[in-house]
1. Points 7 angstrom from Cα along the Cβ direction at LYS100 and LEU139: gap in nanometres?
2. Which FRET efficiency value, to the nearest 0.05, is calculated for SER22 and LYS147 with the Förster distance at 22 angstrom and r the Cβ-Cβ distance?
3. If you take the beta carbon distance between ASP39 and THR116 as r and set R0 to 35 Å, what does 1/(1 + (r/R0)^6) give as a FRET efficiency, to the nearest 0.05?
4. For ASP12 and GLU93 in one chain, what is 0.36 nm times their gap in residues minus the Cα-Cα distance, to one decimal in nm?
5. For a 19 Å ceiling on Cα separation, which of these pairs sit above it: LYS118/LYS142; LYS46/LYS114; LYS46/LYS142; LYS102/LYS147; LYS46/LYS147; LYS38/LYS142?
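Taken together, the values in this text are just the output of simple stated rules run on the coordinates, not laboratory data. Worth saying up front: this structure is predicted, and the values here are computed from it rather than measured. Quick reminder, even Gly has a Cβ in these numbers, built from the backbone with ideal geometry, and neighbours come from all protein chains shown.
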Amino acid sequence: RPGSGRGATMCDYPSTWYNVTSKKATHVPSWWNGTKYKDGPGGTMKVSVIKGGTISLEVAGSGEFQAGALLAKAKVSVSAKVTSSVTITTGHEYTHNIAKKKYGHLQYGSWGYKITWKRYRLNAKTCGGVEIAHGSATLPTKETGWKYWETSS
């Protein structure tokens, strides 16, 4: 508080805040069709996913020059366009042996986190936090890959 001569207190912080109360690694399945597989019983599973994309660049420009004299005028116009593109394809292949009499399952997705959180509000009388909400969320990351598991049927 201005002029009080005290340092910062809890009451000087934001009026609401979040705390992450737990964080656990998890696999977040992709929503693409064709990235969940089941095979068996027994044997070997081999699957792959391929992603592709094109990056394009186009530059266009023009210029004009005009020169004049008493009796003659010359006008020149120049236009140029340069286009370039590159296509990138990347893939990920996975092979796994399936136990006898078992079915193997593979699901492509992101390696992310499952978190739980709590939201607090400042209690101005006690300078403490009061829980006003809580919940959970699944957060994907940029890391992708396969999750494998087996079942009896």
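1. Calculated label separation equals 4.6 nm.
2. Working: r = 21 Å, r/R0 = 0.94.
Taking R0 as 22 Å, the efficiency between SER22 and LYS147 is 0.60.
3. Working: r = 35 Å, r/R0 = 1.01.
The computed FRET efficiency comes out at 0.50.
4. On the way: separation 81, 0.36 × 81 = 29.16 nm, distance 5.37 nm.
Stretched out fully, the ASP12 to GLU93 stretch lengthens by 23.8 nm.
5. On the way: LYS118/LYS142 25 Å; LYS46/LYS114 29 Å; LYS46/LYS142 23 Å; LYS102/LYS147 16 Å; LYS46/LYS147 13 Å; LYS38/LYS142 25 Å.
The pairs that break the limit, which is 19 Å between Cα atoms, are LYS118/LYS142; LYS46/LYS114; LYS46/LYS142; LYS38/LYS142.
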